[in-house]
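Q: Let me give you the structure first, and then I'll get to my questions.
The values are calculated or read from the model by the stated rules, or taken from the named source; none is laboratory data. What you are looking at is a predicted structure, and each value in this text was computed from that prediction instead of being measured. Here the Cβ positions follow ideal geometry from the backbone for every residue, glycine too, while neighbour counts run over all protein chains shown. In case anyone asks, the SASA skips ligands and DNA or RNA and just uses the protein heavy atoms, side chains included. Shrake-Rupley method; radii C 1.70, N 1.55, O 1.52, S 1.80 Å.
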Amino acid sequence: MREKIKVGLIGMGAVGERILRQFRQNEEFEIAALCDRNAERLDKFKAELPDATMHTNYLDVLQDETIKLIYLGVPPKFHHTIAMDIIKSGKHLLCEKPLANSIEEAKEMCEAAVNAGIIHAMNFPMAYSPAFKLFKDKLHNGELGKIKKVELHLQFKQWPREWQQNDWISSREQGGFIREVAPHFIHMIHDTFGELDNVHSFVEFPEDERLCETSFSTFLTLPGGIPVVVFNGIAGIGQQEHLSFKVFGDKGTLDMQNWSILVQTTDEKNGEIIKLDEPEKSLPAELLKAIRGDKAFLVSFKEGHQVQKVLERILLN
């Protein structure tokens, strides 16, 4: 049997815990270390991971030469500093989105990862989903005809969401739903159509300068003659969370709702939910392929940098 790939996870919030579960489902990975500034948070994992070391300082994780892969799930403000240390250590890196907290940081991280020759990837789970694969297939096979417009609507009953309560996620400095949710869809648009450009944005903030946006409206353009992409977002409204990524064509529309529901409309059928038959790709499995030297599908830091450029232009208001 081949030797297991040892993994260290830095940042054990709600999303970090999800990533931990994904790695544990693959027997070719071994969870070697967890790191979080909150020691009480680490206590939760001690019983189920008795052989893993627990740390409150990420540098202790990097000193373990047996660890080959790091997941970085700390708040965006700290991505650059920690990622650069990870890259210098020569360990492979899976980073949360957004890649960094500025365009300059994202560019430096991307260049450093490429120059170091490490496997580097972003945690954009939608890129591996059967919903997005079918979404792209239907767009590329011409079912919708000529694409006229793309719209993204992000509507939240509250922000932060109930399952994601922490200090930074509601902060103007590094939180908000533009940074936390929009990157997924920016990446999907880039992957499907090409890079967004000509960003014109209005962002509404509360009077408290510490708090993140409450709504935004952005108009962008795409290559290939698609004239307008509209982004709208709002939080603090009297409805349940609803996300819509909708493409309008002259033969029909396709709407990805709430991450995984595909609704297609044509002249003959109105609002048909499309059945998904394919299983979801596993991000840990793709990382394993890449580390083993096999062909793999990963969203690179280059793509993360491209997303960051759009993200920061939206937030510039």
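Q: Check whether at least one residue in region 175-189 is assigned to a helix (DSSP H, G or I), more than 23 Å from Thr214 (Cα to Cα), open to solvent by less than 20 Å² (accessible area, probe 1.4 Å) and of a type in the set (Val, Ile, Thr), and report yes or no. Talk me through it step by step, then tell me what you get.
A: Within region 175-189, the subset assigned to a helix (DSSP H, G or I) is 177-180, 182-189.
Filter once more, keeping what is more than 23 Å from Thr214 (Cα to Cα): 188-189.
In the following step, the residues that additionally are open to solvent by less than 20 Å² (accessible area, probe 1.4 Å) were identified as 188-189.
Within this subset, residues satisfying the condition of being of a type in the set (Val, Ile, Thr) are 189.
Yes.
Q: Could you please find all residues in region 281-295 being open to solvent by 40 Å² or more (accessible area, probe 1.4 Å) and either of a type in the set (Gly, Ala, Ser) or under 16 Å from the mean Cα position of the chain (by Cα) (or both)?
A: Lys281, Ser282, Gly293
Q: Where the second residue is among the basic types (Lys, Arg) and the first is closer than 16 Å to Glu286 by Cα and lies in region 124-153, which pairs have Cβ atoms under 6 Å and are six or more apart or on separate chains?
A: Tyr128/Lys281
Q: Can Asp85 be described as under 26 Å from Ile169 (Cα atoms), acidic (Asp, Glu) and open to solvent by less than 70 Å² (accessible area, probe 1.4 Å)? Spell out how you get there, then give the answer.
A: Working: under 26 Å from Ile169 (Cα atoms): yes; acidic (Asp, Glu): yes; open to solvent by less than 70 Å² (accessible area, probe 1.4 Å): yes.
The answer is yes for Asp85.
Q: What residue, of Lys88, Lys77, Lys97, Lys107, is in a helix (DSSP H, G or I), under 18 Å from Ala14 (Cα atoms) and touching a residue at least 24 places away in the same chain (Cβ under 8 Å)?
A: Result of the check over Lys88, Lys77, Lys97, Lys107: Lys77.
Q: Can you say whether Asp208 is among the acidic types (Asp, Glu) and free of Cβ contacts under 8 Å to residues at least 24 places away in the same chain, as far as the supplied structure shows? Give the steps one after another, and end with the answer.
A: Numbers: among the acidic types (Asp, Glu): yes; free of Cβ contacts under 8 Å to residues at least 24 places away in the same chain: yes.
Yes; evaluated as a whole, the condition is true for this residue.
Q: If a residue has to be on the phi > 0 side of the Ramachandran plot and open to solvent by less than 50 Å² (accessible area, probe 1.4 Å) to count, how many in region 115-173 make the cut?
A: 2
Quick grid of which residues meet (1) over 29 Å from Arg179 (Cα atoms); (2) part of a loop (DSSP other than H, G, I, E, B):
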{"position": "Met12", "(1), (2)": "no, yes"}
{"position": "Ile19", "(1), (2)": "no, no"}
{"position": "Gln22", "(1), (2)": "no, no"}
{"position": "Glu27", "(1), (2)": "yes, yes"}
{"position": "Ala33", "(1), (2)": "no, no"}
{"position": "Arg41", "(1), (2)": "no, no"}
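Q: Output the residue which, of all residues in region 256-265 that are free of Cβ contacts under 8 Å to residues at least 24 places away in the same chain and within 18 Å of Ile147 (Cα to Cα), is most open to solvent (accessible area, probe 1.4 Å). Explain how you work it out, then say what you get.
A: Filtering region 256-265 down to residues free of Cβ contacts under 8 Å to residues at least 24 places away in the same chain leaves 257-258, 263, 265.
Remaining after also requiring within 18 Å of Ile147 (Cα to Cα): 263, 265.
Numbers: Val263: 21, Thr265: 36 Å².
It comes out as Thr265.
Q: Shifting gears a bit: Open to solvent by 40 Å² or more (accessible area, probe 1.4 Å), more than 17 Å from the chain's Cα centre (by Cα) and modelled with pLDDT under 95 - does that describe any residue in region 94-106?
A: Scanning region 94-106, I find no residue that is open to solvent by 40 Å² or more (accessible area, probe 1.4 Å), more than 17 Å from the chain's Cα centre (by Cα) and modelled with pLDDT under 95, so the answer is no.
Q: In addition: Could you tell me whether Asp51 is acidic (Asp, Glu), over 13 Å from Leu9 (Cβ atoms) and touching a Phe, Trp or Tyr at 6+ places or on another chain (Cβ under 8 Å)?
A: In short, no.
Q: Can you find a residue in region 183-202 that is without any contact (Cβ under 8 Å) to a residue 12 or more places away in the chain and farther than 18 Å from Asp250 by Cα? Show your work before the answer.
A: The first filter runs over region 183-202 and keeps only residues without any contact (Cβ under 8 Å) to a residue 12 or more places away in the chain, leaving none.
The answer is no, given that none of the residues of region 183-202 is without any contact (Cβ under 8 Å) to a residue 12 or more places away in the chain and farther than 18 Å from Asp250 by Cα.
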